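Asker: Just passing along the structure, written as structure tokens.
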Amino acid sequence: MPEFPEMEAWRRQLIEPVTAFPIVKAGPAHIATLKTYDPPLSALEGRRFEGVERRAKRLLFPTDDGDLVLLVHLMTAGRLKHLRSGEDGPKTPAFRLEFEGGSKLVLTEAGAKKRAGVWLLTPEQAEAELIHLGPEAFGLGAERLAEICASESRRLHSLLRDQRAIAGIGRAWANEILHRAGLSPYALTRDLDETEVGKLAEAIDAELARGLELRERGANDKKTYRVHNKLGEPCYVCESPIARVDFEEHTIYYCPTCQTGGRILKDRRLSRLLR
């Protein structure tokens, strides 16, 4: 799933092209992708976008008259691309906007499941749609992070992925952040001391900044991630093999030497299979 580095890189790349010209045609959109019907997509036609904003893992495109906001959530497999006039694109995108002059903004989604979403909202509706999100991860700081960690006892990897607690991090960057901080994915939030909270806050900013820089340069997953999806590969710090824990909805990657004192974390799903 695209997280802060990916979404922020897209936001920066899209500002200039999507604000250059008014929209001449909004849609079509896949029935599972378009989540709202009032106002209709056609209400965008003839309007211009003022810019591109990001909140957590969502992109927002407000119109320059202040009346509407197009909200896009890519989920796991959604991707946004701006096509220049005459540039070939997908024949049946999940969503498409066409601008004066022929350029297009298209949303595609790999796989049969259509989970990505597009909402056309008023500014008030957009605010209500996002109100459940926690503070942004990037720039959070040690003091605010300490408050969040102290509010409930839970595993660090779970906390970092919870958009209601901290917005913008998912499973991939949680793996990268916890490795940089030298903390176990299973460590409990209330067990962290002041030094460990400080390391975690520093790691959040450092890893998200590193990821953003690489994504803006066009780096792929293999060149961007140093821990995530690196099972069995040598840790870039100590050269121990990277290990993982599998869950139904996500996978944790970690270095036993750097993060868990050499202890291999129990993989409950695998344990059930071996019974």
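The values are calculated or read from the model by the stated rules, or taken from the named source; none is laboratory data. As the structure is a computational prediction, the values presented were derived from the model and not from experiment. Note: ideal-geometry Cβ built from the backbone for every residue, glycine included; neighbour counts use all protein chains shown. Calculation scope for accessible area: heavy atoms of the full protein, side chains included, ligands and nucleic acids excluded. Shrake-Rupley method; radii C 1.70, N 1.55, O 1.52, S 1.80 Å.
Asker: Scan segment 143-165 and give yes if some residue there is open to solvent by 50 Å² or more (accessible area, probe 1.4 Å) and over 28 Å from residue 205 (Cα atoms), otherwise no. Spell out the reasoning first.
Answerer: Going through segment 143-165, the residues open to solvent by 50 Å² or more (accessible area, probe 1.4 Å) turn out to be 143-144, 147, 150-153, 155, 161, 164.
Going one step further and asking which of them are over 28 Å from residue 205 (Cα atoms), we end up with none.
Within segment 143-165, none of the residues are open to solvent by 50 Å² or more (accessible area, probe 1.4 Å) and over 28 Å from residue 205 (Cα atoms).
Asker: Just the residues that are in contact (Cβ under 8 Å) with a residue 12 or more places away in the chain, farther than 30 Å from residue 250 by Cα and in a loop (DSSP other than H, G, I, E, B), please, taken from segment 88-102.
Answerer: Scanning segment 88-102 gives 89, 100, 101, 102.
Asker: If you check 97, 80, 71, which single one turns out to be within 22 Å of the chain's Cα centre (by Cα), of a type in the set (A, V, I, L, M, F, W, C) and closer than 19 Å to residue 45 by Cβ? Don't jump to the end; show me each part of the working.
Answerer: Working: 97 fails: within 22 Å of the chain's Cα centre (by Cα); 80 fails: closer than 19 Å to residue 45 by Cβ.
It is 71.
Asker: Continuing with this model, one more query. Determine if segment 172-182 includes at least one residue that is of a type outside the set (Phe, Trp, Tyr) and in contact with a Pro (Cβ under 6 Å, 6 or more places away or on another chain). Spell out how you get there, then give the answer.
Answerer: First pass over segment 172-182, keeping only residues of a type outside the set (Phe, Trp, Tyr): 172, 174-182.
Filter again for in contact with a Pro (Cβ under 6 Å, 6 or more places away or on another chain), leaving 178.
Taking every residue of segment 172-182 in turn, at least one turns out to be of a type outside the set (Phe, Trp, Tyr) and in contact with a Pro (Cβ under 6 Å, 6 or more places away or on another chain).
Asker: To continue, here is another question. Does segment 114-158 hold any residues that are under 21 Å from the mean Cα position of the chain (by Cα), over 29 Å from residue 210 (Cα atoms) and assigned to a loop (DSSP other than H, G, I, E, B), and which are they?
Answerer: Scanning segment 114-158 gives a single hit, 114.
Asker: Same structure, new question: Name the residue, out of 53, 127, that is touching a Leu at 6+ places or on another chain (Cβ under 8 Å), of a type in the set (Asp, Glu) and open to solvent by 10 Å² or more (accessible area, probe 1.4 Å). Full working, then the answer.
Answerer: Numbers: 127 fails: touching a Leu at 6+ places or on another chain (Cβ under 8 Å).
Of the residues listed, the single one that is touching a Leu at 6+ places or on another chain (Cβ under 8 Å), of a type in the set (Asp, Glu) and open to solvent by 10 Å² or more (accessible area, probe 1.4 Å) is 53.
Asker: For segment 233-257, which residues satisfy the criterion of being part of a loop (DSSP other than H, G, I, E, B) and modelled with pLDDT under 95? Break it down into steps so the answer makes sense when it comes.
Answerer: So in segment 233-257, the residues part of a loop (DSSP other than H, G, I, E, B) come out as 233, 235-240, 242, 247-250, 255.
Answer for segment 233-257, where residues must be part of a loop (DSSP other than H, G, I, E, B) and modelled with pLDDT under 95: 247, 248, 249, 250.
Asker: Looking at residue 13 and the list (1) within 17 Å of residue 121 (Cβ to Cβ); (2) open to solvent by 60 Å² or more (accessible area, probe 1.4 Å), which single condition is not satisfied?
Answerer: Among (1) within 17 Å of residue 121 (Cβ to Cβ); (2) open to solvent by 60 Å² or more (accessible area, probe 1.4 Å), residue 13 violates only (1).
Asker: Right, another one. Hey, any hits in segment 193-208 for a residue that's surrounded by 17 or more Cβ atoms within 10 Å (Cβ to Cβ) and in contact with a strand residue (DSSP E or B) (Cβ under 9 Å, 6 or more places away or on another chain)?
Answerer: Within segment 193-208 (the criterion being surrounded by 17 or more Cβ atoms within 10 Å (Cβ to Cβ) and in contact with a strand residue (DSSP E or B) (Cβ under 9 Å, 6 or more places away or on another chain)), the answer is no, since none of the residues qualifies.
Asker: Quick one: residue 74 ticks every box in (1) under 29 Å from residue 138 (Cα atoms); (2) surrounded by fewer than 19 Cβ atoms within 10 Å (Cβ to Cβ); (3) of a type in the set (A, V, I, L, M, F, W, C) except a single one, so which number is it?
Answerer: Failing condition for residue 74: (2).
Asker: Among the residues of segment 158-172, is there at least one that is of a type in the set (Ser, Thr, Tyr), over 24 Å from residue 267 (Cα atoms) and out of contact with any helix residue (DSSP H, G or I) (no Cβ under 6 Å at 6 or more places or on another chain)?
Answerer: There is no residue in segment 158-172 that is of a type in the set (Ser, Thr, Tyr), over 24 Å from residue 267 (Cα atoms) and out of contact with any helix residue (DSSP H, G or I) (no Cβ under 6 Å at 6 or more places or on another chain).
Asker: Right, another one. Report yes if residue 155 is touching a Phe, Trp or Tyr at 6+ places or on another chain (Cβ under 6 Å) and in contact (Cβ under 8 Å) with a residue 24 or more places away in the chain, otherwise no. Outline the logic, then answer.
Answerer: On the way: touching a Phe, Trp or Tyr at 6+ places or on another chain (Cβ under 6 Å): yes; in contact (Cβ under 8 Å) with a residue 24 or more places away in the chain: yes.
Spelling it out, residue 155 is indeed touching a Phe, Trp or Tyr at 6+ places or on another chain (Cβ under 6 Å) and in contact (Cβ under 8 Å) with a residue 24 or more places away in the chain.
Asker: So which of 140, 121, 159 is among the aliphatic types (A, V, I, L, M) and farther than 30 Å from residue 223 by Cα?
Answerer: Numbers: 140 fails: farther than 30 Å from residue 223 by Cα; 159 fails: farther than 30 Å from residue 223 by Cα.
Every option except 121 fails the conditions.
Residue by residue, here is whether (1) aliphatic (A, V, I, L, M); (2) touching a helix residue (DSSP H, G or I) at 6+ places or on another chain (Cβ under 8 Å) holds:
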site	(1), (2)
179	no, yes
191	no, no
214	yes, yes
217	no, no
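Asker: Ok, one more. Any chance you could count how many residues in segment 23-35 are open to solvent by less than 20 Å² (accessible area, probe 1.4 Å) and in a loop (DSSP other than H, G, I, E, B)?
Answerer: Going through segment 23-35, the residues open to solvent by less than 20 Å² (accessible area, probe 1.4 Å) turn out to be 23, 26-27, 33.
Imposing the further condition that a residue be in a loop (DSSP other than H, G, I, E, B) reduces the set to 33.
So the count comes out to 1.
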